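The values are calculated or read from the model by the stated rules, or taken from the named source; none is laboratory data. This structure is a prediction, so every number in the text was calculated from the model and none was measured. Cβ placement follows ideal geometry from the backbone for every residue including glycine, while neighbour counts extend to all protein chains displayed. Side chains included, ligands, DNA and RNA excluded: accessible areas come from the protein's heavy atoms. Shrake-Rupley method; radii C 1.70, N 1.55, O 1.52, S 1.80 Å.
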Amino acid sequence: QILPSLVNESHEDRDLVDLIWFPTGGGKTEAYLFISAFELIRRRFKYGEKGCGVGVINRYTFRFLSMDQFQRTSIMITALETLRREVFPVNNKIGEKEFSIGLYVGEAISPNHLISNDDSSKTSQAQLENIYSENLPREKNTFPISSCPSCGTYLLPEKQTKNFDGSVDLNAYGFEQKARDFKTYCRNKTCKFHKKLPIYFVDDDVIHYKPSFLLGTIDKFASV
């Protein structure tokens, strides 16, 4: 019943705020993800390129809830992006900009910066170098995503993978950073997102790309 009030800006329900109580496993997440997907598409149909950018903001109290919802919401986002690429290009009404998701939480879960001038170990560059050096990188993954939300392929190899010359085979890893360009991609060459996943969890990238769906914690938003 919320859909009419999303479409009609003068709808009487826009003056209401509903608090929904429902048991665990009742489908709350799926319900709001459907509404979010509807709104993200609607904005683009109505406003064109101006409807891109951040369309949904979701704030959680606890970081572990944010992590779980980030994984689940990423599945919805990759589904939307697949529709944008394969279905909507026929009429091109929802634009050329990708549907994407951003995670905005504390640095204990995701890096604040891509690189640092003070040799900080909290940057994405430092964390990625540490993962490359691990013998069991999948078990030592410090990034907030472990598998492709589209096909389920693990983003990291089970064991450290090397080239013939003994160097680490970076192509076997689903994370890559060159200078200030950090990207996440699926290692499965047949996956639609082998070149790049529309996922951002480094603060620098979240601020730069302005993802469609922004998911974070209350304390992080309060610090802005």
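Quick notes on this one:
- For segment 173-224, a tally of residues being in contact with a Lys or Arg (Cβ under 7 Å, 6 or more places away or on another chain), outside any loop (DSSP other than H, G, I, E, B), open to solvent by less than 70 Å² (accessible area, probe 1.4 Å) and not charged (D, E, K, R) returns 3.
- Which listed residue is open to solvent by 100 Å² or more (accessible area, probe 1.4 Å) and either under 21 Å from Met76 (Cα atoms) or under 18 Å from the mean Cα position of the chain (by Cα) (or both), from Thr24, Thr29: Thr24
- Flag if Thr78 is of a type outside the set (Lys, Arg) and surrounded by fewer than 19 Cβ atoms within 10 Å (Cβ to Cβ): no
- Complete set of residues in segment 32-50 that are more than 23 Å from Thr73 (Cα to Cα) and of a type in the set (Val, Ile, Thr): none
- Among the residues of segment 28-67, those identified as assigned to a helix (DSSP H, G or I) and touching a strand residue (DSSP E or B) at 6+ places or on another chain (Cβ under 7 Å) are Ser36, Glu39, Leu40, Arg63, Ser66.
- Selection of segment 182-221 for residues being farther than 15 Å from Leu103 by Cα and free of Cβ contacts under 8 Å to residues at least 40 places away in the same chain yields Tyr185, Cys186, Arg187, Lys189, Thr190, His194, Lys195, Lys196.
- Whichever residue in segment 60-108 is among the aliphatic types (A, V, I, L, M), modelled with pLDDT of 85 or more and under 16 Å from Phe143 (Cα atoms) and, among such residues, is farthest from the chain's Cα centre (by Cα): Val105
- Just so you know, in segment 1-21 the residues that are among the polar types (S, T, N, Q) and touching a helix residue (DSSP H, G or I) at 6+ places or on another chain (Cβ under 9 Å) include one that is surrounded by the most Cβ atoms within 10 Å (Cβ to Cβ), and it is Ser5.
- Against the conditions (1) of a type outside the set (Ser, Thr, Tyr); (2) over 17 Å from Lys210 (Cα atoms); (3) at pLDDT 95 or above, Val54 satisfies every one except (2).
- Top-ranked residue in segment 114-130 [being open to solvent by less than 60 Å² (accessible area, probe 1.4 Å) and out of contact with any Ser or Thr (no Cβ under 7 Å at 6 or more places or on another chain); ranked as modelled with the lowest pLDDT]: Ser120
- Listed by first and then second residue, the pairs with beta-carbon distance under 9 Å, at least 6 apart or on different chains, first residue in segment 122-140 and within 15 Å of Ile109 (Cα to Cα), second of a type in the set (Gly, Ala, Ser) and surrounded by 13 or more Cβ atoms within 10 Å (Cβ to Cβ), are Lys122/Ser116; Thr123/Ser116; Ser124/Ser110; Gln125/Ser116; Ala126/Ser116; Ala126/Ser120.
- Total residues in segment 143-172, condition small (Gly, Ala, Ser), assigned to a loop (DSSP other than H, G, I, E, B) and open to solvent by less than 30 Å² (accessible area, probe 1.4 Å): 0
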